[in-house]
Amino acid sequence: MRTPDRLSCSTPRPRRSAGRSTMTAAALVAAVTGLSACGGITPGAGGQTAATPTGSVSTAIPTGKVTLTVAGSENSGTTKALAAAFEKLHPNVTVDYKYTDVNDYNTSLNLTLSSDDAPDLALLNMIGTTVKANLVRDLDPYAAAYRWNASVPSTELDQWRADTDGKRLGSGHLWAAPAGFSVVGVYYDKKLAAELGIAKPTTFAEFQADLVKAKAAGRLPIQLGNLAGHSSFVFQSIVDTADGAAKSTAWAYGVPGSSINTRGGTEGAQDLATWAKKGYTPAGANGTDLPGSVANFTKGQGLFLFDGSWDAAAINKAMPGNVGFFPLPGATVNSPATGIGTSVAYAIPAKAKHPDLAAAFLNFMGSTQAAQIEFGTGFMPVTHADTVKTPRGSVLGDVATAWAKIGQDNGLVPFFNNSTATMNTTLTSAGQELVGGKVTPAQYLAQLQADWQKGHQ
Amino acid sequence: MSVRAALPDGVRTRSAAADDAAAPTAHDRASTLPRGARGRGRPGRRGRRRIAYLYLAPALGVYTLFVALPWVHTIWLSFYTWDGVTLGTWDGFGNYRDVLTDPTMLAALEHALGFIVFFSLLPIAIGLPLAAVVGAAGGKRRYPVSRAVLFLPQVVPLIAVGVMWRWMYAQNGLVNRILDAVGLRSVTRAWLGDFTWAYVAVGLVGTWVMTGLTLVVFQAGIQKIDTSLYEAARIDGAGPVREFFAVTLPGLRADIGVALTVTVIAALASFDVVYVTTGGGPGTSTIVPGVLIYQLAFTDGKVGAACALAVVLSALIALIVLAIGRLVREKP
């Protein structure tokens, strides 16, 4: 027996009942919108947290059994190792670290912070709307109590400063404290370089000459995976060295009047487009993700790779003794070194139950003991960089040297990707279009500046 | 009825007899219903109706709480400019204006409509003949293994499907290796990074997933077709192809409607596969409303715009599904 109408979607209905359902729906809408007259239905009205708590802070560790809850998207073991060391120092403290994948973490962060189960420490990948919504504590009292301003380089702390709106970054109150830094630079295949008769470049002109040389010898000059938009590393590295860290940083922070339409911006966009066109980057760059490009690089495909220090240990393992690292050189040998970098930073949520203990943990992150842990798990240490021991012959030694040089030259620039909430998406899609030859360098820069304008107006 | 109309003359009498044979059964079943249920215009009707609502109440309550109210809430939010955290501001139809003028949003809607070809039309075109071969009621072989294999894509979570195809489409992935092996090295590329082919590549993943579903729906449908129709067709000398067009295809009209509805919704509301494979790139060449809604709401802090796009998308889906319902409805 067939029942043709059972599953069909528009079973004819008596007219009367259709009218009834419309009326029901109308009544429902009326009921809900009626509520609005009573107030409280404007989105965001109910969940507002009161202004950040202020008051006396203490640097004393609480006595008795206490659990410090930490939430983050860091999975290289740094937080866990720091937590273990902290527990050893203070046996009455248990640190409970909850890891969430970075995308899920960022999307759920505001909800996590505003919930009644807010952790005592929460990793911030960017300030975003957390400050504006009063979700995190102003750390200035703790910074004063622990004298962080004296012990931690100002450029490092500045990345987590903002005004109370969270709009103007780079100055103002401190909202998070770093637990370790990542820095982007250029990896190079030493074996391939030797084969081509290339030494580590010391100026940008030399770097460009090396690209030509590699291409002429039939080798791939730059390995690149742009499926998730990592051509932005190449672009920003060039901008930073050409324009200098201060100018680049101002744009990244949204300082009024800044523009990406500078000499460096133009140079960066043009180089990226030209290199893609000439085949200096792989033809399939737009279809390869970052891990894929790293894998290709370790297999000998590509003389250079723009990537962060987070991949140093893995790359070193895949091609031990065969890989070097340097900050992209500038116009002259003496040009200050720059590097794109940010920190894994922890904020104390406004709803944290043990803010003083949380601050003690933040302070521990800047200790000599923590420096070695941070470096050992793939991050550049917050302080005491000179005390860390690096394994001999590992690229980690090169990375540490580069980090020290960038620190000396005050050349740390925040990721352009974090400049506005939408900048990462814009850099990704515009970068793919630039590499794919769909837009001109000028159009690429215009897209970035338009996004910047929207986000920082 | 339309089954009969589409049949060759010789078959007509037999199928009419089959329908007549079925009719008394339906009548019998109706007569076994409690008398009250059929009584129209009697005084107790209103009271019974109230009791009927009482029976409906639990389901209606759950539906209202978890489906209807969130939906109304979405519509409500779409009139605001809201970042998801701080106080929102009333924006009237501003978000809708953006949806209908912003090139990225329009591109996303266009891509979703295009996906109907890959998620619906192709799977149905492939599923129909497959079902006819694999699921033929009178056939000697039942092809259990083939059926299981063809349905497998439906069982795998879409995220896993996306990850798998991302590898397959990579520069040195399986697709390119096969092309290379058959001497087509010149066409190999990183498929998901190609402005021309990424859209097709993602669409074909949809075809791969949905074909299993259409196959199962059609196979179930074929089993409901009266076998005497096939016998009659064979007696009249119809070959397998003629049999397919004369008996199977008309008999599956309602099932095609079901498959079309389900797959069109999957096409328009696609998210997982695109999000995992390309994230909408390169550029915006594979962006779909699902991914854009996610981006707007969760990374861009534009909850109002996301809701407006969601409302437009659901209206579009409702309209198209309604149209499909009209199209495939059997005429009385």
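A few notes on this one:
- Matching residues, region A:326-346, being over 13 Å from the mean Cα position of the chain (by Cα) and among the aliphatic types (A, V, I, L, M): A:Leu328, A:Ala331, A:Val333, A:Ala337
- Output for region A:220-241, where each listed residue is of a type outside the set (Val, Ile, Thr) and assigned to a strand (DSSP E or B): A:Gln223
- Scope region A:107-140; condition within 14 Å of chain B (Cβ to nearest Cβ), assigned to a helix (DSSP H, G or I) and either within 12 Å of A:Ala71 (Cβ to Cβ) or out of contact with any helix residue (DSSP H, G or I) (no Cβ under 7 Å at 6 or more places or on another chain) (or both); matching residues: A:Ser108, A:Leu109, A:Asn110, A:Leu111, A:Thr112, A:Leu113, A:Ser114
- Test for A:Ala352: is it assigned to a loop (DSSP other than H, G, I, E, B), modelled with pLDDT under 95, surrounded by fewer than 22 Cβ atoms within 10 Å (Cβ to Cβ) and aliphatic (A, V, I, L, M): no
- Residue list for region A:242-253, filter: in a helix (DSSP H, G or I) and out of contact with any helix residue (DSSP H, G or I) (no Cβ under 6 Å at 6 or more places or on another chain): A:Ala245, A:Ala246, A:Lys247, A:Thr249, A:Ala250, A:Trp251, A:Tyr253
- Of all residue pairs spaced 6 or more apart or on separate chains, those with beta-carbon atoms under 8 Å, a first member in region A:172-186 that is part of a loop (DSSP other than H, G, I, E, B) and a second member that is of a type outside the set (A, V, I, L, M, F, W, C) and surrounded by fewer than 23 Cβ atoms within 10 Å (Cβ to Cβ) are A:Gly172/A:Arg161; A:Gly172/A:Asp163; A:Gly172/A:Thr164; A:Trp175/A:Asp138; A:Trp175/A:Arg161; A:Trp175/A:Gly166.
- Just one of the numbered conditions (1) surrounded by 24 or more Cβ atoms within 10 Å (Cβ to Cβ); (2) not in a loop (DSSP other than H, G, I, E, B); (3) not hydrophobic (A, V, I, L, M, F, W, C) is not true of A:Thr94: (1).
- Selection count where residues are more than 12 Å from chain A (Cβ to nearest Cβ), outside any helix (DSSP H, G or I) and of a type in the set (D, E, K, R), scope region B:66-112: 1
- Of all residues in region A:306-328, those satisfying the criterion of being in a loop (DSSP other than H, G, I, E, B) and in contact with a strand residue (DSSP E or B) (Cβ under 9 Å, 6 or more places away or on another chain) are A:Met319, A:Asn322, A:Pro327, A:Leu328.
- A:Asn417 being polar (S, T, N, Q) and surrounded by fewer than 21 Cβ atoms within 10 Å (Cβ to Cβ): no
- Verdict on A:Asp163 being among the acidic types (Asp, Glu), touching a Ser or Thr at 6+ places or on another chain (Cβ under 8 Å) and modelled with pLDDT of 90 or more: no
- Set side by side, the residues B:Gly283, B:Gly304 differ, and just one is facing chain A (nearest Cβ under 10 Å), crowded, with 23+ Cβ neighbours inside 10 Å and at positive phi, which is B:Gly283.
- B:Ile116 vs. criteria within 26 Å of B:Tyr199 (Cα to Cα), in a helix (DSSP H, G or I) and modelled with pLDDT of 90 or more: yes
- B:Leu106 meets each of the listed conditions (1) touching a residue at least 12 places away in the same chain (Cβ under 8 Å); (2) of a type in the set (A, V, I, L, M, F, W, C); (3) surrounded by fewer than 20 Cβ atoms within 10 Å (Cβ to Cβ) apart from (1).
- Unique match (being of a type outside the set (S, T, N, Q) and surrounded by fewer than 22 Cβ atoms within 10 Å (Cβ to Cβ)) among B:Ala315, B:Ala233: B:Ala315
- Flag if B:Leu313 is more than 10 Å from chain A (Cβ to nearest Cβ) and closer than 30 Å to B:Asp194 by Cα: yes
- Meeting the requirement of 1 or more residues that are of a type outside the set (Gly, Ala, Ser) and within 28 Å of B:Leu260 (Cβ to Cβ), the helices (runs of 4 or more DSSP H) wholly within region B:151-246 are B:158-168, B:198-224, B:227-235, B:240-243.
- Selection count, region A:282-297, where residues are within 22 Å of A:Phe325 (Cα to Cα) and without any contact (Cβ under 8 Å) to a residue 40 or more places away in the chain: 1
- Only one of the listed residues (B:Arg46, B:Arg97) is more than 30 Å from A:Thr107 (Cβ to Cβ) and of a type in the set (Lys, Arg). That residue is B:Arg46.
- Per the conditions (1) touching a Leu at 6+ places or on another chain (Cβ under 8 Å); (2) within 29 Å of B:Asp300 (Cα to Cα), the sole criterion not satisfied by B:Gly162 is (1).
- Considering A:Ala193, A:Ala214, A:Ala150, A:Ala143, the condition of being in a helix (DSSP H, G or I) and surrounded by fewer than 18 Cβ atoms within 10 Å (Cβ to Cβ) is satisfied by A:Ala150 alone.
- Test for A:Pro282: is it within 14 Å of another protein chain (Cβ to nearest Cβ) and over 29 Å from A:Ala421 (Cβ atoms): yes
- Residues satisfying the stated conditions in region A:423-443, i.e. on the phi < 0 side of the Ramachandran plot and more than 19 Å from the chain's Cα centre (by Cα): A:Gln432, A:Glu433, A:Leu434, A:Val435, A:Gly436, A:Lys438, A:Val439, A:Thr440, A:Pro441, A:Ala442, A:Gln443
- Selection within region A:387-414: residues that are modelled with pLDDT under 85 and of a type in the set (Val, Ile, Thr). The member of this set that is surrounded by the most Cβ atoms within 10 Å (Cβ to Cβ) is A:Val388.
- Screening A:Gly308, A:Gly254, A:Gly292, A:Gly265 for residues that are of a type in the set (Gly, Ala, Ser) and either within 14 Å of chain B (Cβ to nearest Cβ) or surrounded by fewer than 18 Cβ atoms within 10 Å (Cβ to Cβ) (or both) leaves exactly one candidate, A:Gly292.
- Boolean, B:Gly173 is within 14 Å of chain A (Cβ to nearest Cβ) and modelled with pLDDT of 85 or more: yes
- Identity of the residue in region A:411-422, more than 10 Å from chain B (Cβ to nearest Cβ) and of a type in the set (A, V, I, L, M), that ends up nearest to the chain's Cα centre (by Cα): A:Val413
The values are calculated or read from the model by the stated rules, or taken from the named source; none is laboratory data. Computed from a predicted structure; not experimentally measured. No Cβ is skipped: glycine too gets one built from the backbone with ideal geometry, and neighbour counts run over all protein chains shown.
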